[in-house]
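First comes the structure, then the notes that go with it.
The values are calculated or read from the model by the stated rules, or taken from the named source; none is laboratory data. Just so we're clear, the structure is a prediction, and the values are computed from it rather than from any experiment. Every residue, glycine as well, gets a Cβ built from its backbone with ideal geometry; the counts of neighbours run over all protein chains shown. In case anyone asks, the SASA skips ligands and DNA or RNA and just uses the protein heavy atoms, side chains included. Shrake-Rupley method; radii C 1.70, N 1.55, O 1.52, S 1.80 Å.
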Amino acid sequence: LTIYTTLDINMQDKAEKALNESLQGSNPQLNGALVAVDPKTGQVRAMVGGKDYGASQFNRAISKIQPGSTFKTFLYTAAIDHGYTQATIINCEPVSYPVAGGALYQPKDFQGGYHNRPFTLKEALFTSDNVVAVRLNDRAGPSMAAAYARRMGIDSEIKPVLSLPLGTSEVTPLELASAYGCLATGGIKSSPYYIDKITDSNGIVLEEHHPELEQVLDEKTAYIVTDMLSSVLKPGGTAPKISGNIQRPAAGKTGTTENFKDTWFVGYTPDLAAAVYIGFDEKNKCTGLTGAQLAAPVWASFIKEALKDVPPREFPVPEGVVRLKICPDDGLLAGDLNTKALEAVFAKGTEPTQLCPGAGAGVIINEIENPAQR
């Protein structure tokens, strides 16, 4: 038999190198995974299930792990698709929700506490605010975020609970890479696969696979969410340090589970989507680092080398979207007198029309602020 796989041996080598170099000198039990998918076809181009196959044959790339804040992307995609905008305002402040048994669920932001101020949805996503995500999930309904995750390519069981956007349902790195790829293609989902075809000794094709494509999101929604996730890699986002390394348009999301146990970065360019996970197999151990510190540099190193010979290109801008500056405090249009402003993208007709009564010289907050990276 002759078996033709979707694997790109160059990308595979770069993936193994990126993961192994990042784990050198760390705790010997710290491990991880990297999986890359061509978002246009669903072909799995690289898959590393661990740092040493000789020591462990466990494939973490297809194993279920809590995804942390990388799951927020599905909630925000659902919200944008249902009438919310990048300028929608939700406060980060103390809030309680009754749960079974008479207890209260009280979400808190990274390392506890609250910002006690309003956030636009765009800023809430690129700074990864937990409280805003839970409040948005409560407004939209947890089943909506779960439905969009399934629509975009998550096949694992998803529990529609309030804490879902914080990553409480386990998924695989392959699922995340594939689902994020749906945003890279303007909302077209491509089912991942590994084998192109198998032929016998006479050249007769015994089995053959082709891309399975389905439009699951409005292309404007996909672009608006991509714009939000692109800001994750800019100053003010949770992973600004990696953009200078990859030197091409990209979007993605960091993730860190409770007590720094698991770290993630899932991201994409127009040509490649990839997920990086780093953590311990024994879940009672903690990495002590965030997704921005541990997983994001691995992703950036891989993307830089894997696409070395591919010219950088921008995400295609669909018809029917507008870009303008808004005030991050109230989501209104930023005027010449605003002290700060944020670039935002809207489906035409949903953009704010009222001018904010601010004062001072306008600046773009995503270019100057640098919150805690997580």
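Couple of notes before you dig in:
- Rg in Å to one decimal, and Dmax rounded to a whole Å, for the range 1-40 via C-alpha atoms: 13.5, 42
- DSSP H segments from the chain that extend 18 Å or more along their own axis, Cα-based, with Kyte-Doolittle mean of 0.5 or above: 291-306
- Residues whose placed amide H lies under 5 Å from that of Y105, excluding near-sequence neighbours: Y97, V99
- Calculated FRET efficiency for the pair Y97/T353, C-beta based, R₀ 45 Å, to 0.05: 0.85
- Rounded if a/c under 1.5, otherwise prolate or oblate - the range 110-186, Cα gyration tensor axes: prolate
- DSSP assigns beta bridges within the chain; of those with both partners inside it, close to 95 percent run antiparallel.
- The range 139-165 and the range 72-136: distance between their alpha carbon centers, rounded to Å: 15
- Distance between modelled label sites at N116 and F280, nm, 7 Å Cα→Cβ extension: 3.6
- Once the 1.4 Å probe is applied to the protein heavy atoms, the chain comes out at 42 Å² accessible per residue.
- When the square roots of the Cα gyration tensor eigenvalues are ordered a ≥ b ≥ c, the ratio a/c for the range 255-329 is 1.5 or more and a/b does not exceed b/c, which makes its shape oblate.
- Mean separation of Cα contacts under 8 Å, 6 or more apart, over the residue count of the range 136-184: relative contact order %: 39
- Cα Rg over Rh - the chain, Kirkwood: 0.98
- Subset of K51/K253; K14/K304; K122/K325; K234/K308; K108/K261 violating a 19 Å alpha-carbon distance limit: K51/K253; K234/K308
- Length-normalised contact order of the range 122-219 in % [C-alpha pairs under 8 Å, at least 6 apart]: 21
- Taking 0.36 nm per residue of separation and subtracting the current Cα-Cα distance, fully stretching the chain between T5 and T339 would add 114.8 nm.
- For the range 161-278, the carbon plus sulfur part of the accessible surface works out to 48%, probe radius 1.4 Å.
- Reported value for the range 12-150: 176 Å³ per residue, from the convex hull of its C-alpha atoms.
- Whole-number percent relative contact order across the chain, with pairs defined as alpha carbons under 8 Å at least 6 apart: 21
- Distance between the range 191-244 and the range 278-324 - C-alpha centres, whole angstrom: 13
- Nonpolar atom fraction for the range 294-350, defined as the carbon and sulfur part of the 1.4 Å probe accessible area, stands at 53 percent.
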